[in-house]
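**Student:** Just passing along the structure, written as C-alpha coordinates.
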Amino acid sequence: VASVTVRVPATSANLGSGFDSFGLALGVHNTVSAELSVSDEWHVQVLGEGENDEAVRRDNRVVEAMVRLFAEAGRPEQAAHVWCRNDVPIGRGLGSSSAAIVGGLVAANELIGRPFGRADLFRMAATLEGHPDNVAAALAGGFTMCWGNGEPEFAHIDPAAGLAAVCMVSAGPLSTKKARELLPAVVPHDDAAFNVGRAGLLTAGIALGRRDLIGPGMRDRLHEPYRLEAVPDLDAVCEVLIVAGADGAALSGSGPTVIGLVCGDDDADALSRAVRVAERSAELLGGTGHERRPLVVAVDRVGATVTL
Ligand code: HSE
(Lines give C-alpha, C1' and ligand atoms only; values in the text may rest on other atoms or scores of the structure.)
Protein backbone atom coordinates (compact mmCIF):
# COMPACT_ATOMS: atom_id res chain seq x y z
CA VAL A 1 0.00 0.00 0.00
CA ALA A 2 1.13 3.59 -0.55
CA SER A 3 0.50 4.83 2.96
CA VAL A 4 -0.69 3.50 6.27
CA THR A 5 -1.74 4.73 9.70
CA VAL A 6 -1.35 2.53 12.79
CA ARG A 7 -2.84 3.30 16.18
CA VAL A 8 -1.22 1.59 19.16
CA PRO A 9 -2.35 1.65 22.80
CA ALA A 10 -0.37 2.46 25.93
CA THR A 11 0.13 -0.56 28.16
CA SER A 12 0.69 -1.34 31.79
CA ALA A 13 2.92 -4.35 32.44
CA ASN A 14 3.18 -6.53 35.55
CA LEU A 15 0.03 -5.20 37.31
CA GLY A 16 1.73 -6.20 40.54
CA SER A 17 1.89 -9.99 40.72
CA GLY A 18 2.39 -10.68 36.98
CA PHE A 19 6.03 -9.62 36.84
CA ASP A 20 7.45 -9.83 33.30
CA SER A 21 4.30 -11.58 32.11
CA PHE A 22 1.05 -9.61 32.40
CA GLY A 23 0.09 -6.62 30.27
CA LEU A 24 -3.06 -4.53 29.99
CA ALA A 25 -3.75 -2.25 27.01
CA LEU A 26 -5.01 1.22 27.89
CA GLY A 27 -7.12 3.74 26.02
CA VAL A 28 -4.42 6.32 25.31
CA HIS A 29 -2.65 5.92 21.99
CA ASN A 30 0.26 6.72 19.72
CA THR A 31 -0.38 6.98 15.99
CA VAL A 32 2.21 6.21 13.33
CA SER A 33 1.54 7.30 9.74
CA ALA A 34 4.04 6.22 7.12
CA GLU A 35 4.70 5.92 3.42
CA LEU A 36 7.58 4.33 1.52
CA SER A 37 10.30 6.70 0.38
CA VAL A 38 11.38 6.58 -3.26
CA SER A 39 14.91 7.52 -2.21
CA ASP A 40 17.03 6.16 0.67
CA GLU A 41 16.14 9.22 2.77
CA TRP A 42 14.31 8.77 6.05
CA HIS A 43 12.07 11.61 7.13
CA VAL A 44 10.61 11.67 10.67
CA GLN A 45 8.25 14.09 12.33
CA VAL A 46 7.19 13.76 15.97
CA LEU A 47 4.19 15.56 17.46
CA GLY A 48 3.00 15.36 21.06
CA GLU A 49 5.03 13.52 23.72
CA GLY A 50 8.74 13.80 22.92
CA GLU A 51 8.33 16.41 20.17
CA ASN A 52 10.90 18.68 21.78
CA ASP A 53 13.25 15.87 22.67
CA GLU A 54 16.12 15.66 20.20
CA ALA A 55 16.86 12.04 21.27
CA VAL A 56 13.30 10.97 20.41
CA ARG A 57 13.84 12.20 16.84
CA ARG A 58 17.42 10.96 16.52
CA ASP A 59 17.01 7.51 18.11
CA ASN A 60 13.42 7.10 17.03
CA ARG A 61 12.13 3.65 18.02
CA VAL A 62 9.46 3.67 15.32
CA VAL A 63 12.18 4.07 12.70
CA GLU A 64 14.40 1.49 14.40
CA ALA A 65 11.54 -1.03 14.20
CA MET A 66 10.79 -0.21 10.57
CA VAL A 67 14.46 -0.60 9.62
CA ARG A 68 14.49 -4.01 11.35
CA LEU A 69 11.36 -5.20 9.58
CA PHE A 70 12.52 -4.05 6.14
CA ALA A 71 15.86 -5.83 6.75
CA GLU A 72 14.11 -9.04 7.89
CA ALA A 73 12.04 -8.87 4.71
CA GLY A 74 15.20 -8.64 2.61
CA ARG A 75 14.85 -4.92 1.83
CA PRO A 76 17.61 -3.30 3.93
CA GLU A 77 17.81 -0.23 1.66
CA GLN A 78 14.14 0.66 2.03
CA ALA A 79 13.43 4.06 3.67
CA ALA A 80 10.15 5.70 4.62
CA HIS A 81 8.55 8.94 5.64
CA VAL A 82 7.10 8.73 9.14
CA TRP A 83 4.78 10.93 11.16
CA CYS A 84 4.38 10.10 14.86
CA ARG A 85 1.56 11.48 16.98
CA ASN A 86 2.43 10.52 20.57
CA ASP A 87 -0.04 10.66 23.42
CA VAL A 88 1.58 7.95 25.57
CA PRO A 89 3.80 9.57 28.22
CA ILE A 90 7.45 8.63 27.65
CA GLY A 91 9.55 6.73 30.18
CA ARG A 92 6.80 6.55 32.79
CA GLY A 93 6.02 2.82 32.79
CA LEU A 94 3.16 3.06 30.30
CA GLY A 95 4.73 1.19 27.42
CA SER A 96 5.78 4.13 25.25
CA SER A 97 8.71 2.27 23.71
CA SER A 98 6.57 -0.80 23.03
CA ALA A 99 3.93 1.40 21.40
CA ALA A 100 6.63 2.93 19.18
CA ILE A 101 8.14 -0.45 18.27
CA VAL A 102 4.78 -2.10 17.55
CA GLY A 103 3.65 0.95 15.56
CA GLY A 104 6.81 0.85 13.46
CA LEU A 105 6.68 -2.90 12.83
CA VAL A 106 3.00 -2.98 11.91
CA ALA A 107 3.32 0.08 9.65
CA ALA A 108 6.39 -1.29 7.83
CA ASN A 109 4.76 -4.71 7.44
CA GLU A 110 1.64 -3.17 5.84
CA LEU A 111 3.65 -0.94 3.52
CA ILE A 112 5.47 -3.89 1.95
CA GLY A 113 2.47 -6.19 1.56
CA ARG A 114 2.31 -7.85 4.98
CA PRO A 115 5.03 -10.53 4.64
CA PHE A 116 4.91 -11.26 8.41
CA GLY A 117 2.09 -12.54 10.61
CA ARG A 118 1.24 -11.41 14.13
CA ALA A 119 3.41 -14.06 15.81
CA ASP A 120 6.46 -12.88 13.81
CA LEU A 121 5.72 -9.24 14.67
CA PHE A 122 5.40 -10.15 18.35
CA ARG A 123 8.77 -11.95 18.40
CA MET A 124 10.49 -9.10 16.54
CA ALA A 125 8.94 -6.56 18.92
CA ALA A 126 9.93 -8.54 22.01
CA THR A 127 13.52 -8.76 20.76
CA LEU A 128 13.69 -5.03 20.02
CA GLU A 129 12.05 -4.13 23.33
CA GLY A 130 13.93 -6.62 25.48
CA HIS A 131 10.76 -7.78 27.29
CA PRO A 132 7.59 -9.25 25.83
CA ASP A 133 4.94 -8.07 28.33
CA ASN A 134 4.15 -4.57 27.01
CA VAL A 135 4.48 -5.50 23.34
CA ALA A 136 1.97 -8.37 23.66
CA ALA A 137 -0.70 -6.05 25.07
CA ALA A 138 0.15 -3.28 22.57
CA LEU A 139 -0.31 -5.69 19.67
CA ALA A 140 -3.35 -7.62 20.86
CA GLY A 141 -5.14 -5.22 23.24
CA GLY A 142 -6.98 -6.36 26.37
CA PHE A 143 -5.13 -8.47 28.91
CA THR A 144 -2.14 -10.55 27.89
CA MET A 145 0.05 -13.10 29.63
CA CYS A 146 3.51 -13.88 28.31
CA TRP A 147 5.51 -16.98 28.82
CA GLY A 148 8.22 -18.70 26.88
CA ASN A 149 10.75 -21.40 26.66
CA GLY A 150 13.37 -19.58 24.69
CA GLU A 151 10.93 -18.01 22.22
CA PRO A 152 8.37 -15.69 23.83
CA GLU A 153 4.66 -16.53 23.47
CA PHE A 154 1.54 -14.85 24.73
CA ALA A 155 -2.08 -15.61 25.50
CA HIS A 156 -4.81 -13.01 25.18
CA ILE A 157 -7.94 -12.54 27.26
CA ASP A 158 -10.64 -9.98 26.64
CA PRO A 159 -11.30 -8.63 30.15
CA ALA A 160 -14.85 -8.99 31.45
CA ALA A 161 -16.95 -5.90 30.77
CA GLY A 162 -16.55 -3.19 33.40
CA LEU A 163 -12.88 -2.33 33.74
CA ALA A 164 -11.05 1.03 33.65
CA ALA A 165 -7.88 2.44 35.17
CA VAL A 166 -6.49 5.49 36.91
CA CYS A 167 -2.80 6.05 36.20
CA MET A 168 -1.00 8.29 38.66
CA VAL A 169 1.58 9.49 36.16
CA SER A 170 4.86 10.60 37.69
CA ALA A 171 6.39 13.95 36.82
CA GLY A 172 9.73 12.42 35.88
CA PRO A 173 10.84 9.26 34.05
CA LEU A 174 12.57 6.11 35.32
CA SER A 175 14.40 3.86 32.90
CA THR A 176 13.49 0.18 32.89
CA LYS A 177 17.20 -0.60 32.87
CA LYS A 178 17.71 1.32 36.12
CA ALA A 179 14.59 -0.19 37.69
CA ARG A 180 15.81 -3.70 36.82
CA GLU A 181 19.21 -3.08 38.34
CA LEU A 182 17.44 -2.85 41.71
CA LEU A 183 16.16 -6.44 41.47
CA PRO A 184 17.97 -9.26 43.27
CA ALA A 185 19.26 -12.29 41.33
CA VAL A 186 17.29 -14.69 43.54
CA VAL A 187 14.09 -14.32 45.58
CA PRO A 188 12.87 -16.26 48.62
CA HIS A 189 10.71 -19.30 47.83
CA ASP A 190 7.94 -17.85 50.03
CA ASP A 191 7.79 -14.74 47.89
CA ALA A 192 7.63 -16.71 44.65
CA ALA A 193 4.78 -18.81 46.09
CA PHE A 194 3.01 -15.63 47.22
CA ASN A 195 3.09 -14.28 43.66
CA VAL A 196 1.88 -17.53 42.08
CA GLY A 197 -1.33 -17.33 44.09
CA ARG A 198 -1.80 -13.63 43.50
CA ALA A 199 -1.23 -13.87 39.75
CA GLY A 200 -3.89 -16.58 39.56
CA LEU A 201 -6.31 -14.36 41.47
CA LEU A 202 -5.69 -11.39 39.22
CA THR A 203 -6.15 -13.38 36.03
CA ALA A 204 -9.44 -14.78 37.33
CA GLY A 205 -10.51 -11.34 38.51
CA ILE A 206 -9.89 -9.75 35.12
CA ALA A 207 -11.33 -12.63 33.08
CA LEU A 208 -14.47 -13.03 35.19
CA GLY A 209 -14.98 -9.44 36.32
CA ARG A 210 -14.55 -10.51 39.98
CA ARG A 211 -13.61 -7.21 41.59
CA ASP A 212 -13.01 -8.92 44.94
CA LEU A 213 -10.05 -10.77 43.40
CA ILE A 214 -8.39 -7.75 41.79
CA GLY A 215 -7.12 -6.09 44.98
CA PRO A 216 -5.38 -9.16 46.45
CA GLY A 217 -4.38 -10.23 42.93
CA MET A 218 -2.33 -7.08 42.37
CA ARG A 219 -0.09 -7.61 45.40
CA ASP A 220 3.51 -8.41 44.62
CA ARG A 221 6.69 -9.49 46.36
CA LEU A 222 8.97 -10.10 43.38
CA HIS A 223 9.77 -6.59 42.21
CA GLU A 224 7.89 -3.78 43.94
CA PRO A 225 9.66 -4.03 47.32
CA TYR A 226 13.03 -3.68 45.58
CA ARG A 227 11.90 -0.74 43.45
CA LEU A 228 10.79 1.35 46.43
CA GLU A 229 14.25 2.84 46.43
CA ALA A 230 13.54 4.44 43.02
CA VAL A 231 9.82 5.03 43.65
CA PRO A 232 9.67 5.93 47.36
CA ASP A 233 6.01 7.02 47.28
CA LEU A 234 4.81 3.74 45.69
CA ASP A 235 3.10 2.31 48.78
CA ALA A 236 1.58 5.66 49.73
CA VAL A 237 0.13 6.22 46.23
CA CYS A 238 -1.25 2.65 46.08
CA GLU A 239 -2.88 3.23 49.46
CA VAL A 240 -4.42 6.53 48.30
CA LEU A 241 -5.86 4.87 45.18
CA ILE A 242 -7.44 2.12 47.28
CA VAL A 243 -8.85 4.60 49.83
CA ALA A 244 -10.20 6.64 46.89
CA GLY A 245 -12.10 3.58 45.63
CA ALA A 246 -9.82 1.66 43.25
CA ASP A 247 -10.23 -2.12 43.43
CA GLY A 248 -6.48 -2.74 43.25
CA ALA A 249 -3.24 -0.82 42.69
CA ALA A 250 0.34 -1.54 41.67
CA LEU A 251 3.44 -0.13 40.04
CA SER A 252 2.80 0.24 36.29
CA GLY A 253 5.52 -1.71 34.47
CA SER A 254 8.85 -0.80 36.00
CA GLY A 255 7.38 2.55 37.13
CA PRO A 256 7.37 5.20 38.23
CA THR A 257 3.66 5.53 37.32
CA VAL A 258 1.23 3.76 39.67
CA ILE A 259 -1.92 2.19 38.23
CA GLY A 260 -5.23 1.61 39.97
CA LEU A 261 -7.80 -0.72 38.40
CA VAL A 262 -11.43 0.22 38.80
CA CYS A 263 -14.33 -2.16 38.14
CA GLY A 264 -17.91 -1.24 37.26
CA ASP A 265 -21.13 -2.73 35.91
CA ASP A 266 -19.92 -2.06 32.37
CA ASP A 267 -17.00 -0.15 30.82
CA ALA A 268 -18.85 3.20 30.92
CA ASP A 269 -19.69 2.73 34.61
CA ALA A 270 -16.08 1.70 35.36
CA LEU A 271 -14.81 4.80 33.56
CA SER A 272 -17.08 7.14 35.49
CA ARG A 273 -16.07 5.46 38.75
CA ALA A 274 -12.43 5.91 37.68
CA VAL A 275 -13.01 9.64 37.20
CA ARG A 276 -14.22 9.86 40.80
CA VAL A 277 -11.27 7.78 42.03
CA ALA A 278 -8.89 10.13 40.19
CA GLU A 279 -10.50 13.24 41.70
CA ARG A 280 -10.44 11.80 45.19
CA SER A 281 -6.84 10.60 44.79
CA ALA A 282 -5.72 14.03 43.66
CA GLU A 283 -7.41 15.57 46.71
CA LEU A 284 -5.82 13.03 49.06
CA LEU A 285 -2.38 13.54 47.54
CA GLY A 286 -2.73 17.32 47.30
CA GLY A 287 -0.41 19.16 49.59
CA THR A 288 1.66 16.11 50.48
CA GLY A 289 4.32 16.90 47.91
CA HIS A 290 3.46 14.10 45.46
CA GLU A 291 4.21 15.22 41.94
CA ARG A 292 1.80 13.01 40.06
CA ARG A 293 -1.11 13.70 37.75
CA PRO A 294 -4.06 11.33 37.43
CA LEU A 295 -4.83 9.97 33.95
CA VAL A 296 -8.17 8.17 33.64
CA VAL A 297 -8.24 5.55 30.90
CA ALA A 298 -10.54 2.92 29.49
CA VAL A 299 -9.18 -0.53 28.69
CA ASP A 300 -8.20 -0.85 25.02
CA ARG A 301 -9.76 -4.08 23.78
CA VAL A 302 -8.45 -4.04 20.19
CA GLY A 303 -4.68 -3.43 20.27
CA ALA A 304 -2.77 -2.13 17.28
CA THR A 305 -5.15 -1.17 14.46
CA VAL A 306 -4.37 -0.31 10.86
CA THR A 307 -6.05 2.25 8.65
CA LEU A 308 -4.97 2.27 5.02
N1 HSE B 1 8.28 -6.15 33.17
C2 HSE B 1 9.31 -5.15 33.02
C3 HSE B 1 9.89 -4.81 34.36
C4 HSE B 1 8.81 -3.84 32.47
O5 HSE B 1 9.15 -4.78 35.33
O6 HSE B 1 11.09 -4.55 34.44
C7 HSE B 1 8.08 -3.88 31.21
O8 HSE B 1 8.65 -4.66 30.22
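The values are calculated or read from the model by the stated rules, or taken from the named source; none is laboratory data. Here the structure is a predicted model, which is why all the values come from computation and not from measurement. Note that we place each Cβ from the backbone using ideal geometry, even for glycine, and neighbour counts take in every protein chain shown. Just so you know, the surface numbers come from the protein's heavy atoms only, side chains and all, with ligands and any DNA or RNA stripped out. Shrake-Rupley method; radii C 1.70, N 1.55, O 1.52, S 1.80 Å.
**Student:** How about region 258-286: which of its residues are of a type in the set (Gly, Ala, Ser), touching a residue at least 24 places away in the same chain (Cβ under 8 Å) and surrounded by fewer than 19 Cβ atoms within 10 Å (Cβ to Cβ)?
**Tutor:** Once the filter is applied, which keeps residues that are of a type in the set (Gly, Ala, Ser), touching a residue at least 24 places away in the same chain (Cβ under 8 Å) and surrounded by fewer than 19 Cβ atoms within 10 Å (Cβ to Cβ), region 258-286 yields nothing.
**Student:** Moving on. Any residue in region 62-73 that is open to solvent by 10 Å² or more (accessible area, probe 1.4 Å), in contact (Cβ under 8 Å) with a residue 60 or more places away in the chain, basic (Lys, Arg) and over 30 Å from VAL231 (Cα atoms)?
**Tutor:** Scanning region 62-73 turns up at least one residue that is open to solvent by 10 Å² or more (accessible area, probe 1.4 Å), in contact (Cβ under 8 Å) with a residue 60 or more places away in the chain, basic (Lys, Arg) and over 30 Å from VAL231 (Cα atoms).
**Student:** If ILE101 meets every condition in (1) assigned to a helix (DSSP H, G or I); (2) over 19 Å from ALA140 (Cβ atoms); (3) within 16 Å of the ligand (Cβ to nearest atom) apart from one, which number is that one?
**Tutor:** The one condition ILE101 does not meet is (2).
**Student:** For region 238-252, enumerate the residues that are part of a helix (DSSP H, G or I) and either more than 21 Å from the chain's Cα centre (by Cα) or crowded, with 24+ Cβ neighbours inside 10 Å (or both).
**Tutor:** GLU239, VAL240, LEU241, ILE242, VAL243
**Student:** Collect the residues in region 90-110 that are among the aliphatic types (A, V, I, L, M) and open to solvent by 10 Å² or more (accessible area, probe 1.4 Å), keeping them in residue-number order.
**Tutor:** ILE90, ALA100, VAL106
**Student:** Right, here's the next one. In region 16-47, what count of residues is obtained for those that are of a type in the set (Ser, Thr, Tyr) and within 16 Å of the ligand (Cβ to nearest atom)?
**Tutor:** 2
**Student:** Looking at region 111-131 only, could you name the residues that are part of a helix (DSSP H, G or I), away from the ligand (no atom under 16 Å from the Cβ) and open to solvent by 20 Å² or more (accessible area, probe 1.4 Å)?
**Tutor:** Passing the criteria: ARG118, ALA119, ASP120.
**Student:** Please go through region 170-202 and pick out each residue that is within 16 Å of the ligand (Cβ to nearest atom) and either aliphatic (A, V, I, L, M) or open to solvent by less than 40 Å² (accessible area, probe 1.4 Å) (or both).
**Tutor:** SER170, LEU174, ALA179, LEU182, LEU183, ALA185, VAL187, ASP191, ALA192, ASN195, ALA199, LEU202
**Student:** For region 231-251, does any single residue satisfy the condition of being within 16 Å of the ligand (Cβ to nearest atom), charged (D, E, K, R) and within 21 Å of MET145 (Cα to Cα)?
**Tutor:** Checked region 231-251: no residue is within 16 Å of the ligand (Cβ to nearest atom), charged (D, E, K, R) and within 21 Å of MET145 (Cα to Cα).
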